[in-house]
Amino acid sequence: MRSSLYTLLFSLLAAVASAQYPAAQIPAALKVRANAVVRDMETTVDMRAPNDVGVRIKTAITILNKNGREHARLVLMYNKNSSIKYVRGQVINEWGAVKGKFSLSDFSDESAVDGGTLFSDDRLKHYLPDEHLYPYTVVYEYEKRYKQNLVLPEWQPIPGFDISVEKSQYVFISQPEDKLRIKTSNFTGKPFEEKTEKQHKITWTAENLPAVRQEVYGPDTETFLPAVRIAVEKFYYHGFRGEYRDWTELGRWTYENFLKGKRQLSPYTAAAVADMVRDLPDDKAKAKRLYQYLQQKVRYISVQIGVGGLQPMSAQEVDQLSYGDCKALVNYMQSLLDAAGIESYYCVVNAGNYKQSMMADFADMRQGNHIILCLPLKGDTTWLECTNQKLPFGFLGDFTDDRTVLACTPEGGKLLRTPKLRPEDNIQLRTAFFEVAANGTLTGTVETRFGGSQYDAHQYISNKQAGEQLEALKEIYDVDNIIVSDIKYLNEEKPVPSFIESFNCRLPSYATGSTNRTYLVLNAFNRSGQIPELRTRTMPVYLNRGYTDIDSIVYTMPTDLRLETKPEDVRIDNQFGTYELKVTQSGNRLLYRRKLVIKEGTFAPAAYEEFSKFRMRVHELDQHRAVFMKGTR
């Protein structure tokens, strides 16, 4: 009996000793707001040579609940310039016992591009364990090899929202003679550095990082999540060698290696350009004519093969094929402008709805994802988006507005600023006239002018087929049983262009009522939604872009109804914007006017309470109604 007990005890001790990452060992503080926990992660970048960079990842991550399941997914990108050497992993249960193993053969393999890409060799492999009993832990290791060191992996110890970190480590190994530039953001720890005759090794370590909760109107993650970025002075990329220390040198290298000599046109096209601009009065008018020609002639496709990720097709290729990616279309537009004697700059931008600028103090190739064009016209700098066949001349939109970009010129790189869309530019101006029938049905017309970022958000509808337009409008104008007909669209080209949408409209039984009264919600189309209350707000309040909405609706009521009550006039002013509501009566007509202005900016976390109350008050006011009683006036 004693021998059996000793055997059982030793077996239990052995099982405990062999347990891997049992969930019970996770500190309680790291479970707060967390759906997953990084138990241990080590990223090692070994830059053996400019054309031989190894990246090895070792990770253990515990998935606490179903909301964290996607954190267990492993996604590996590869192409002709990179390869996956190996992958091995295990799935471990709550107590630390191995449930199963996986390797590269268990991964799905598919193209990493969308339907708008014509040429790309980017592919991805991904794997998600089929586990639904929580918590469980995924442990894996893999290595990738890269044949370039122009773009190096950055370290982000916190992978995303709602995931905490017990330990994460980043190791960068290079040759002793390699000159590095390092940029740390939102990270206070000091790296450990070792340098010998054979290698230079730098190690960053982060421990016990709590989970970050995603909050509405939060800032871009780059402003608060820790990160380390590394750029090497001398680099290799697809047969190209170079060196740079700042934006000036990177812009010059890009021009010399990827842009120089790419803008020659055939004699036929050059002569056609001369004919197009011969009688125009100035460079801006000439540029506008050539931009319209570009939009009519070419269409956008994506090219992401090898050096094609950075180098544009030649102007003559685009001229012959009538398509190209953002690089190629900008380069082609430059060739047209060159033929007309107009200077222009090829500009690299970090495009997206969030305004992300190039870091003035740290140049590297990771920061750009799109190309736009700048025309430094005398006293009237003009910007062009060359991938969109519908955008007006000189309008960028919210994809690239208000951020620092890199202009690549023969003299070197220059940091420039794209135009800012102000709240008064980002306008939605709606006017509607409705006849209200005795049964509560509204019949009338609606016209809306969209400008700035709101132009961007609505102009796409005009390119849809008639049936698709109807469905899109029903979704935007979210009113039960809305009937839309006679849809028209018109572009107005101004310094800040406008897009006008008009249609006839019928809203069956919109005005409700009883035997003696009729109730009419005056804000038919633009009711503000609610935002959640957060009692423990941690993030600053970030309003990425301001806007202005103005709604004017005239309701013509049946003559046998008299106005009993209407909303009081309201005006609210605070640091976030303004709200105005005014209702006036003239005979059997009721005019409803609403104006909402939201300002952009960053505000302290404590300001969220005031902001949420403001938005809640707007939401309440948008529901107000007028009440009519049957009887003579």
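No lab work stands behind these numbers, since they all come straight from the coordinates. Only a predicted model underlies this, so the values are computations on that prediction, with no experimental measurement involved. Note: ideal-geometry Cβ built from the backbone for every residue, glycine included; neighbour counts use all protein chains shown.
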Quiz item: Peptides 608-614, 528-534: what's the order by average Cβ count within 10 Å, highest mean first?
Solution: 608-614, 528-534
Exercise. For each of Leu310, Leu321, Leu406, count neighbouring Cβ atoms within 10 Å of the residue's Cβ, then give the residues from fewest to most.
Key: Leu321, Leu310, Leu406
Quiz item: With each label point set 7 Å from Cα along the Cα-Cβ vector, what nm distance links Ser83 and Glu424?
Solution: 6.2 nm
Quiz item: How do Arg571, Arg39, Arg48 line up, fewest other C-beta atoms within 10 Å first?
Solution: Arg571, Arg48, Arg39
Quiz item: Of Lys327/Lys414; Lys125/Lys147; Lys85/Lys179; Lys286/Lys390; Lys327/Lys390, which pairs sit farther than 22 Å apart, going by alpha carbon to alpha carbon?
Solution: Lys85/Lys179
Quiz item: Ranking Tyr332, Tyr477 by Cβ neighbours within 10 Å, fewest first, what do you get?
Solution: Tyr477, Tyr332
Quiz item: Whole-Hz Karplus ³J(HN,Hα) for the stretch 436-450, in order, using 6.51 cos²θ - 1.76 cosθ + 1.60 and θ = phi - 60°, x for Gly and Pro?
Solution: 9, 7, 4, 8, x, 7, 9, 9, x, 10, 10, 10, 10, 9, 10
Exercise. Mind ranking 93-104, 234-245 by how tightly packed they are, going by the mean number of other C-beta atoms within 10 angstrom, highest first?
Key: 234-245, 93-104
Quiz item: On a 0 to 90 degree scale, rounded to 10, what angle separates helix 283-297 from the longest Cα axis of the chain?
Solution: 80 degrees
Practice problem: Please give the length that would be gained between Ala285 and Glu317 if that part of the chain were fully extended, namely 0.36 nm times their separation in residues minus their C-alpha to C-alpha distance (nm, one decimal). | Solution: 8.9 nm
Quiz item: Helix 267-277: angle to the longest alpha-carbon principal axis of the chain, degrees 0 to 90, nearest 10?
Solution: 40 degrees
Quiz item: Under a point spin-label approximation (7 Å from Cα along Cα-to-Cβ), what is the Ile572-Thr188 distance to one decimal in nm?
Solution: 3.7 nm
Self-check item: Partner lysines for Lys167 [C-alpha distance under 17 Å; skip if fewer than 8 residues away on the same chain]
Solution: Lys31, Lys58, Lys190
Quiz item: With charges set only on the Cβ (+1 for Lys and Arg, -1 for Asp and Glu), what does the dipole of the stretch 543-615 come to about its Cα centre, in debye to the nearest 20?
Solution: 160 debye
Quiz item: If we sort 135-141, 145-151 on the protection proxy, mean other Cβ atoms within 10 Å, highest first, what's the order?
Solution: 135-141, 145-151
Quiz prompt | Acute angle (nearest 10 degrees) that the helix 608-621 long axis makes with the longest principal axis of the chain, alpha-carbon atoms | solution = 30 degrees
Quiz item: Can you give me the Cα centroid spacing of the stretch 558-631 and the stretch 350-405 in angstrom?
Solution: 37 Å
Quiz item: Looking at the stretch 453-525, which GluC sites (Glu not before Pro) are in a loop (DSSP not H, G, I, E or B) and have at most 13 other Cβ atoms within 10 Å?
Solution: Glu493
